Amino acid sequence: MAKWTPKHEAPEPLEGPVVATITGGTIVWFVLFLVQLPFYGWFHDHGHLWWLWTCLAGGGLGLIGIWYVRKRDAAIKRAAALKATTPK
């Protein structure tokens, strides 16, 4: 197993506009659902109804993701503020 040991340090995780990214993705899922909704009959007739429900599930899970990343972002900011006010 020695050959599978990493030879370098792992990079730091990237931080970016996580809340905006998740919100944008959630909006895309809901828009895709709404765009496909008028074609419900066609999807049903051709056995592709799961496309519609996949978009709805993506939007629903995106709402959970927005809630999660907003709480995470708030916790990171609270920890940073606490660290800044704590004397060394």
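Taking a ≥ b ≥ c as the square roots of the Cα gyration tensor eigenvalues, with a/c under 1.5 meaning rounded and otherwise prolate when a/b beats b/c, else oblate, which class fits the stretch 18-85?
Note, shape of the stretch 18-85 comes out prolate.
Taking only protein heavy atoms into account and a 1.4 Å probe, give the accessible area per residue of the stretch 18-85 in Å².
Per-residue value: 73 Å².
Taking 8 Å as the Cα distance limit and 6 or more residues as the minimum spacing, I'd like the relative contact order of the stretch 18-85 as a percentage.
45 percent
Can you pull the percent of the chain's accessible area that's carbon plus sulfur, 1.4 Å probe, other chains left in place? Intermediate values should be presented prior to the final figure.
Working: 5420 of 7550 Å².
So the carbon and sulfur contribution to the accessible surface is 72 percent.
I'd like the trypsin sites (Lys or Arg not before Pro) in the stretch 7-77 restricted to DSSP loop residues with at most 14 other Cβ atoms within 10 Å, sorted by number.
Within the stretch 7-77, the qualifying trypsin sites (Lys or Arg not before Pro) (loop, at most 14 other Cβ atoms within 10 Å) are Lys7.
Short version: ³J(HN,Hα) in whole Hz for each residue of the stretch 67-78, in order, from phi by Karplus 6.51 cos²θ - 1.76 cosθ + 1.60 (θ = phi - 60°), x for Gly and Pro, what are they?
Values per residue, Gly and Pro as x: 4, 5, 6, 5, 5, 4, 4, 5, 5, 5, 5, 5 Hz.
The values are calculated or read from the model by the stated rules, or taken from the named source; none is laboratory data. Everything numeric in this text was worked out from a predicted model, so none of it was measured. When we count neighbours, we look across all protein chains shown, and the Cβ atoms used for this are built from the backbone with ideal geometry, even at glycine. For the accessible areas, the whole protein counts, side chains as well, though only heavy atoms, and no ligand, DNA or RNA atoms are used. Shrake-Rupley method; radii C 1.70, N 1.55, O 1.52, S 1.80 Å.
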